[in-house]
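See below for the structure under consideration.
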């Protein structure tokens, strides 16, 4: 695995661990935030491993989401189709957590962690064999 991909995957694992701890502690907004970033970091690892990088290494959210879904899921089919909308869904929940008056519910936070875990497991399977 490419060194940059390995580093992003380590970050993803750390962010997921934070999301799980926040869920247990009842910090649902923080759970949603860390779950999204765990998925985002794992997606970056997968993009790097597949030779897809942005200009100037600026990992913009829209770039990562569109390249992951468009090239890796739909185009090359290196990630299964069930994950096509995962980053979008997690981002929407994170935006509620970070920028809205409403708070993320326990069930939405739990779903975010579950969806993130499934995505990271798929990416680990792909990258680490």
Residues located in the stretch 98-117, provided they are surrounded by 15 or more Cβ atoms within 10 Å (Cβ to Cβ) and either within 11 Å of the chain's Cα centre (by Cα) or part of a loop (DSSP other than H, G, I, E, B) (or both): 104, 112, 113, 115, 116, 117
Filter result (surrounded by fewer than 17 Cβ atoms within 10 Å (Cβ to Cβ) and not in a helix (DSSP H, G or I)) within the stretch 1-51: 1, 2, 26, 51
Can you name the condition, by its number, that residue 95 falls short on among (1) assigned to a helix (DSSP H, G or I); (2) more than 25 Å from residue 2 (Cα to Cα); (3) touching a helix residue (DSSP H, G or I) at 6+ places or on another chain (Cβ under 8 Å)? (3)
Of those in the stretch 61-88 that are in a loop (DSSP other than H, G, I, E, B) and in contact (Cβ under 8 Å) with a residue 40 or more places away in the chain, the residue surrounded by the most Cβ atoms within 10 Å (Cβ to Cβ) is 79
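Every read-out reported here was derived from the displayed coordinates using simple, explicitly stated rules and does not represent laboratory data. It should be emphasised that the depicted structure is a prediction, and the values quoted were computed from it without experimental measurement. Note that each Cβ is placed from the backbone with ideal geometry, even for glycine, and that neighbours are counted across all protein chains shown.
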